[in-house]
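Data block below; observations after.
Each value in this text was obtained by applying a stated rule to the coordinates, not by laboratory testing. The structure presented is a predicted model; accordingly, all values stated were derived computationally and were not measured. Every residue, glycine among them, receives a Cβ derived from its backbone with ideal geometry; neighbour counts consider all protein chains shown.
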Amino acid sequence: MPQAIASLPRQRDRHAAVDPRMRAMVENVLIGSPVARALGVRLASLTPEHVELEMPFLPTNVTHGSIVHGGVIATLIDIAGAAAAASGASADEVKGGATSSLSIQYLAPAQGVALRAVAAVMRRGRRQVVTDVSVYAEAPDEGALVSKALMSSAMF
């Protein structure tokens, strides 16, 4: 087996269930937060180590014309990364978390479209979780990559 493939972290079984207490935390604390509700963020998919969120286009989320503000995209990324980090955790060991670092590359404007954030855990340690987050423009005929991020979450 090539070394690059052999060194990839093993992903948890996506058919396994998310700890129900962690699911409740994701739904109530992250998706149910005032900022997530104000942005219209919705949970589309939650499995261990993976989450997908949807955010509708809202005229209040723009910076100029119909371009979605970069800070709004960053907030969507932050929520998605935190949810992915929580999705594979055990409520017996983790009571909360906080973003410790976030690096975003904006690749294309999100012009008047709904967005989909796809977050996957790249590496899970005892207290630090690194996630990869991609944000796509959900235009009727395309799923253009709008931004790519790497996020670290401190779990406590």
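Taking other C-beta atoms within 10 Å as the exposure proxy, K148, K95 rank K95, K148 from fewest upward.
What is the order of R37, R42, R126, fewest Cβ neighbours within 10 Å to most? Each step should come with its number before you reach the end.
Details: R37 11, R42 14, R126 8.
Taking fewest neighbouring Cβ atoms as first place, the list is R126, R37, R42.
Panel order for D19, D92, by other beta carbons found within 10 Å of each beta carbon, from fewest to most: D92, D19. For the chain, the mean residue ellipticity at 222 nm estimated from helices alone is -6000 deg cm²/dmol, where every DSSP H run of n ≥ 4 contributes -39500 (n - 2.57) and the total is divided by all residues, rounded to the nearest 500. Helix 70-87 and the longest principal axis of the C-alpha atoms of the chain enclose an angle of approximately 20°. Working note: Cα atoms of the stretch 59-153, range along each principal axis, descending, whole Å: 45, 24, 20.
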